[in-house]
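What follows is a set of notes on a single structure, which appears directly below.
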Amino acid sequence: MNSGPGDAQLPLIYLNNAATSWPKPAVVLKEVAQCLRHPFYEPGRTTGDGAADYPATARDALAEFFHAGPPEHVIFTQNATDALNLLIHGFVKKTRTPFHAITTDLEHNSVLRPLTALERDGAVRLSVVPFTDFRVDLPAIKKTICEDTRLIVMTHGSNVLGSVQDIRPIAEYLHANDIFFIVDGAQTAGNIPVDLSDIPVGAYVFTGHKALFGIPGIGGFFITEPDAIAITRQGGTGTDSRVPGQPSEMPMRFEAGTPNYPGIASLLAGLRFITSIGQDTIMRKNAALTRGLVHALQKIPGITIYNENPDLPVVSFNIAGIDNHKAGFILARAYNVITRTGFHCAPLVHERIDDGEGCIRASLSCLNTLDDCRTAVDAIREVAESAGSPVRPD
Ligand SMILES: Cc1ncc(COP(=O)(O)O)c(C=O)c1O
C-alpha cells in the first residue's frame, strides 16, 4: 500500500482540514478504541456489559454544544451530504405539490445536486441567489421569495471563501413567513461558536469529520420541526418491532438500522476536545494562523488570493503560470504539503471568482502550527518562482 502522498523524509504539512480534519486528537483515537473494546450498548435489544450508550450521550453533548434541544431532535447520519439529502427529499415528499425553493451560489454540491435533481423531476422550481462580498444576506433572499416559496437551503460557511453567513435575521424572517430553512453547517460546526437557542432554523446540518474532529462516516442534523420532513427510511430501531410502520418517536423516526457506534464515539470525544480547549480559543488560534498565512502569501509575486479576509480558516488562491492541479500535485509530491485543488464541490463559486478554473485551497485546523504555515509558504514560493511568475510591479 502507498504509505502517503509525498516525500516521507519531509514532515507532513496537512492543510486540507476543510475536507476532513487531520490529525485527529489523541482523545478521539482513544475513545474509538475504547468503544470497540466492548459490545455495543443497544437499548431495547440487549445491553452490552460495560458498554457506554454512545448515541444517547453524544446526542446530549451535541444538544448542549449547539444550545439546541431537546436532544432527541439531534439525528445521526453518515455525513452532512446524507443529512442534507434526508432533509431536502423528506421536505419535498411531505409537501407533495410542486413549490419554489431557493438556494445560493455559495453552495456545495451536497445542496446543489439534490435540489437540481428535484428541479429536473419537476418537484421544485429553483432560484439561486448570487453572493455579494462573499455573502448572501436577507435583502437578497427577500427579493427572490415568491408566494409559493416553501424551502431555503443555504450554507452557513463557504468551503471556498471561508465567509460565514449571518443566519439569524434570515432564520427569523423565514420562520415568521413559514418557509423551512435548512442550514448547512458542515464548515462552521466546530470552527465557530454556533448557538441555536434563539435562531429559529428549521434544521441545522453538521458533519463529524471536519472541525468537530470525529472520524469519517458520522454527521447529522438538529431539527426543530420533525413533522415538516417525511419519513423516507424504514428499518429496525429496536423498538415497536411488531408495528409495521417506522416509529414516529424521535430520534427513531429518522434513524433506522445499526448506528455508527465508533463514529458517534469519535464525535463525542471531538466535542469534549473542543470544549476542553474552548471554542473561542480555537477560533482565535485559527484566525491568527489564517491571517499569518494570508499575509505571507500576499508577499509572493504571482499569487492571487481570492479571499483575503476569511471568517473561517480557509485560504483560496492560484499561482500565475501553473495550473492549480499541477501546483497542488507538486506541493504534495515534492514538499509533503497537502492542500486541495480544483472545484471543491462548489462549482458556482468558481464561476464567480476564478473564471471556472478552480483554485488551490489551504485549510487549517487548531492543530496546525505557525511552523506548518511557514513551511507551506516556503514551498508555495518555490513553486511560484519555478512557474516563472511575473514579478509584481511596486
Ligand atoms: C459546505 C459543505 N457542505 C457539505 C459538505 C459535505 O460534507 P460531508 O463530507 O460530511 O458529506 C462539505 C464538505 O466538503 C462542505 O464543505
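Each stretch of four or more DSSP H residues adds -39500 (n - 2.57); spread over every residue of the chain, this sum gives -11500 deg cm²/dmol at 222 nm.
Computed with the Debye formula from one identical point scatterer per Cα of the chain, without solvent, the log10 of I(q)/I(0) at q = 0.14 Å⁻¹ comes to -1.24. Counting only DSSP beta bridges with both residues in segment 77-181, what percent are antiparallel, rounded to the nearest 5? So the antiparallel bridges in segment 77-181 amount to around 15 percent.
Beta bridges assigned by DSSP with both partners in the chain are antiparallel in approximately 50 percent of cases. Let me check I've understood the local charge: for PRO98, count other residues with C-beta under 15 angstrom from its C-beta, Lys and Arg +1, Asp and Glu -1. What total comes out? Summing Lys and Arg as +1 and Asp and Glu as -1 gives +2. Across segment 195-210, computed HN-Hα scalar couplings (Karplus, 6.51 cos²θ - 1.76 cosθ + 1.60, θ = phi - 60°) run 10, 8, 4, 10, 10, x, 6, x, 8, 10, 9, 10, 10, x, 9, 9 Hz from first to last residue, x flagging Gly and Pro. Phi angles of segment 349-362 translate, via the Karplus equation with coefficients 6.51, -1.76, 1.60 and θ = phi - 60°, into HN-Hα couplings of 5, 5, 4, 8, 9, 9, 6, x, 8, x, 7, 8, 10, 9 Hz per residue; Gly and Pro are given as x.
Per-residue 3J(HN,Hα) values for segment 227-241, derived from phi via the Karplus relation 6.51 cos²θ - 1.76 cosθ + 1.60 with θ = phi - 60°, read 5, 6, 10, 5, 7, 10, 10, 10, x, x, 10, x, 10, 6, 5 Hz in sequence order (x marks Gly and Pro).
Treating only the Cβ atoms of Lys and Arg (+1) and Asp and Glu (-1) as charged, compute the dipole magnitude of segment 26-276 about its Cα centre; round to the nearest 20 debye. All intermediate terms of the calculation are to be shown ahead of the outcome.
Values: 20 positive and 27 negative charges, 110 e Å.
In total the dipole reaches around 520 debye.
Computed from the coordinates by the stated procedures, all read-outs in this text should not be read as laboratory data. Computed from a predicted structure; not experimentally measured. Positions of Cβ are generated from backbone atoms using ideal geometry, with glycine treated the same way; all protein chains shown enter the neighbour counts.
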